[in-house]
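The values are calculated or read from the model by the stated rules, or taken from the named source; none is laboratory data. Just so it is clear, the structure is predicted and the values come from calculations on it, not from any experiment. Backbone-built Cβ (ideal geometry, glycine too); neighbour counts: all protein chains shown. Ligands, DNA and RNA are excluded from the accessible area calculation, which covers all protein heavy atoms including side chains. Shrake-Rupley method; radii C 1.70, N 1.55, O 1.52, S 1.80 Å.
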Amino acid sequence: MKRMTGNELRESFLKYFESKGHTIVHSSPLVPHNDPTLLFTNAGMVQFKDVFLGLDKRPYSRATTAQKCVRAGGKHNDLDTVGRTARHHTFFEMMGNFSFGDYFKRDAIAFAWEYLTGVLELPKDRLWATIYLDDEEAYQLWQELTEIPVERIVRLGEKDNFWAMGDTGPCGPCSEIIIDRGEEYGCDAPVCALGKCDCDRWLEIWNLVFMQYNRDENGTMTPLPRPSIDTGMGLERVCSVLQGVNSNFDTDLLQPLIKGMERLSGQDYHGDERGFPFRVIADHARACTFLINDGVLPGNEGRGYVLRRILRRAVRFGKVLGVEIPFLYRMVPVVLEVMAGAYPELAEKSDYIQRVVRQEEERFRETLSEGTKVAEEMMNKAREAGRKQITGREAFLLYDTFGFPMDLMEDIAEEQGFTVDKAGFEAAMEEQRRRARAAREDVKAWDAEVAFAGLLGELGPTTFVGYDRLAGEARVLAVIEGGTRVEQAGAGADVHVVLDITPCYPEGGGQVGDSGALSWPGGGGEIHDTKRLPDGKVVHLVKIAEGTLEAGTNVQVTVNAERRRQVARNHSATHLLHKSLKEVLGDHANQAGSLVAAERLRFDFTHFAPLTAEELHEVEARVNRRVLEGLGVSTLETTFDAAREMGATALFGEKYGDRVRVVKIGDYSMELCGGTHLNNTSEVGLFKILSEGGIGAGLRRVEAVTGEGALAYIAQEEAMLGQVADVLKTPPTQVAARVDALLAELKEKEREVEQLAARLARYQADDLLGQVRKVAGVPVLAARVQVSDMDTLRSMGDLLKDRMASGVVVLGSRAGDKVNFVAMVTKDLIPHGVHAGNLVREVAKVAGGGGGGRPDMAQAGGKHPEQLDAALAVVVDIIRLQVEK
């Protein structure tokens, strides 16, 4: 058996399959492209899903990858298992080989056997194979092509040997290759055998999936256009075998992280339960680093919510190890030491990743402290109400608002004799998950694309000619009405039309689809939108105005030229904005999303703080300087690698083919982009930022307008300024100075009002002191007064308490549709049982409110001002009871 490092194993696998005619394809991002059915890329085949479904075509029919994966959320969720077992991870690498209608079971099994026994030199007598119950073909092939005897070929059911990527999507029977690690790794089960137990003796190292079906949301399975192969081999698992260690965490892929945590914590790692926190942190540090690198940021929904859970879980276990300062961001460079050779893009974003991690870690440490206080308050209220359980809603509030771990909530509750309603907590969590699912794209959109692929399967891609012309003749290849492909459709129908050639730009890369017109002899219609299917077909959404549109008809297609020009103006301005943000804020300001429409542009980017007025002004000024310079806009087509070597910016989340289009604006900006643009930046006219704000942790959004839109906005602003100037009776240039003067004048008037209110309070105090009465020997003043706010009410109470020297003051005042109360007790009466907090709480209850405070001073509010006098009337009885106790 060969001994290899993790990096050597990855390289060995890819090179072996390259020698078998496979194209090495770089790992796709952890955020699946245009696939709302998945939170994260959780298997090697995710980036090939469209190929398996017949929606996409590649220039190769065999591929091999080392794919970065995350399983935390959704169907495949290993988060809570990480660190407890030797094998589970949130982040891991899956090596795989794929056949898209090329070879099938025979070659897949032969390749796997040759690589494991010929290249890695694993002992043949320790290898087993499992197959799906009724997969007779695989059963025969394992006997024919390998040296595995019949008794080591095990049939298992759907749970173990029928693989599906998610609830919907490609699936099929599979065959797993298991290595027997020996009796010493066995368990105490009555029968320790493959398929009978789940112990560490039987280690799955490779899964060969025979992709034959697509399963829809109803569970219906239909044959895929071409039976294919999808295999997956866990890099970390095979490393543990080759390196002769008991756990993935003992391999050279994870040990440097554990050693790094030993240094940070000052504690030693142990492979047993004591090492659990180390293993969690090592795994989670990798997951956080790769997720943030791929554009995920901590948040409260969807992917951001999962990242936040992972990151905060790691911080929580750092506290278990006694680390009380931010530490997780210091693990990022350790991840890079191990992984940057295979993923050089990590090094480019190292500083950015560390800043995101540290910001979230510091925020969590603050909220952890605040959450502990809130938890104490919850238990105090529960105790007063006679409860001994924290409700599920309360626990979820701590989790959702403060990121408070459930296990910590249970620990604190147990210390105080409380339990936590887990079922209620899970119900609240499920509601959160439902909201997160709703926040993502509707899965039905994906199903529609699959349905269209079935309806249009035999048609080739549409040729787009819209870069060079805005009108032309085309042939109708298909008409779809109501989800059904029809031969013709008449006036009034809303249809999807596929043409062989089109000048209409289909929605993509943030740019909206073109609108326009479709005409033919005897008929015509309006194109409302244009969209592209994954396989290159362009679908036009058409409202037929007159006549009948038939498949096979030659039509005239015309793009709405003015709208296209407005969109192009905003798209070129978006490129200028992106570059300007990087110049002003730093290279970390990367595009995270965009909308390029005719009326406006929206640009999302990564940054940690709101832009200052000066930064916004500078960004806007830089864009407009490029506009005034009249820079030429040019395009060229080249390979992806050549474009990156030229310095072109590739945008996160976009899917690029082998050939890419580069948009170059002078020597200022160069990006990979398939959208439509101007010929010269001077055509932008004017660029004006409308707003800037946060849309998530570390994520900002700018909205802007150009050209006529910018002129209209400025005209509107000038009109509003003119109206304000008229009201202030001052020239527009003097509005700011006039407003400052008015504010200063207003402040002076407010000061005078406060002085008059204080004098009035003193006069009222003189009158009120005459209402003091003795209750159980205690001087008591309970009165209704006319003040507008709690601050004034409190000041009046202080004044009366000082004037009385010894006694109790309870004042009430109406404030709109509510009522305020304040209670004051002189210090000499507190030892006799008079308590301002308890007193004001009971008084406020009468008026439908509540509150409390210190023994000497407290305040409260009520919802029913009509009960003000009744509330004050109970003061005497309450004080008598307090004194008598």
Using only the alpha carbons of region 456-558, determine the length spanned along each of the three principal axes and report them from longest to shortest in whole angstroms.
33, 27, 21
Using a/c under 1.5 as the rounded threshold, could you call region 56-136 rounded, prolate or oblate? The axes a ≥ b ≥ c are square roots of the C-alpha gyration tensor eigenvalues, and prolate needs a/b larger than b/c, oblate otherwise.
oblate
Using a probe radius of 1.4 Å on heavy atoms only, what accessible surface per residue do you get for the chain? Whole Å² is fine.
45
When each pair of different Cα atoms in region 678-727 is counted once in the 1/r mean, what is the Kirkwood radius in angstroms, to one decimal?
12.9
For Cα pairs less than 8 Å apart in space and 6+ apart in sequence, what is the mean separation divided by the residue count of region 42-156, i.e. the relative contact order in percent?
21
Considering only protein heavy atoms and a probe of 1.4 Å, how much of the accessible area of region 479-638 is carbon and sulfur, as a whole percent?
47
Could you give the Stokes-Einstein D for region 108-255 in µm² per second, using the C-alpha Kirkwood radius, 20 °C, 1.002 mPa s?
131
Cα gyration tensor of region 184-277, axes a ≥ b ≥ c as square roots of the eigenvalues: rounded (a/c below 1.5), prolate (a/b > b/c) or oblate?
prolate
Measure nothing but the geometry: give the 0 to 90° angle between the long axis through the Cα atoms of 613-629 and the longest principal axis through the Cα atoms of the chain, rounded to 10°.
40
Rg to Rh for region 720-832: what is it, with Cα atoms only and Rh by Kirkwood?
1.26
Compactness index (Cα Rg / 2.2 N^0.38 Å), region 254-317
1.19
Computed over the chain, the relative contact order (Cα-Cα under 8 Å, seq sep at least six) in percent reads 6
hull vol. (C-alpha, convex hull) per residue for region 676-773, Å³ -> 225
Within the P(r) computed for the chain, what percentage of the Cα pairs occupies the region above 38 Å?
60
Let me check something: with ligands and nucleic acids excluded, how do 376, 629, 754 order by accessible area (1.4 Å probe), largest to smallest?
754, 629, 376
So how far apart, in nm, are the two label points at residue 422 and residue 191 if each is 7 Å from Cα heading toward Cβ?
3.1
Cβ-isolated cysteines (cut-off 4.7 Å), the chain:
69, 171, 174, 192, 197, 239, 288, 504, 673
With everything on Cα atoms, drop me the angle between helix 790-804 and the longest principal axis of the chain, reported from 0 to 90° to the nearest 10.
30
Order of 635-647, 700-712, 307-319 by packing, highest average Cβ count within 10 Å first?
307-319, 700-712, 635-647
In cubic angstrom per residue, the convex hull of region 583-642 built on its Cα atoms measures 158
Calculate the radius of gyration of the Cα atoms of region 223-341 to one decimal place, then report Dmax, the largest Cα-Cα distance, as a whole number, both in Å.
16.5, 57
In terms of the Cα gyration tensor, with a ≥ b ≥ c the square roots of its eigenvalues, is region 1-107 rounded because a/c is under 1.5, prolate because a/b exceeds b/c, or oblate?
oblate
State, to one decimal in nm², a quarter of the convex hull surface area for the C-alpha atoms of region 283-417, i.e. the direction-averaged projected area.
8.4
In what sequence, highest mean first, do 215-223, 594-602, 836-844, 55-63 appear when ranked by Cβ atoms within 10 angstrom?
836-844, 594-602, 55-63, 215-223
Exposure rank, largest accessible area first [349, 531; 1.4 Å]
531, 349
Just from its helices, what would the mean residue ellipticity at 222 nm be for the chain, if runs of 4 or more DSSP H residues each count -39500 (n - 2.57) and the sum is divided by every residue, rounded to the nearest 500 deg cm²/dmol?
-12500 deg cm²/dmol
Once normalised by the length of region 734-869, the mean sequence separation of its alpha carbon contacts under 8 Å that are 6 or more apart gives a contact order in percent of 17
Over every pair of different alpha-carbon atoms in region 301-380, take the mean of 1/r and invert it; report that Kirkwood radius in Å.
14.1
Pairing the Cα long axis of helix 392-402 with the longest principal axis of the chain, what angle in degrees results, from 0 to 90 and rounded to the nearest 10?
80
So if I restrict to the alpha-carbon atoms in region 607-705, what is the Rg, and what is Dmax, the biggest pairwise distance, in Å?
15.4, 42
Take the Cα radius of gyration of region 156-201 and divide it by 2.2 N^0.38 Å, with N its residue count; two decimals is plenty.
1.44
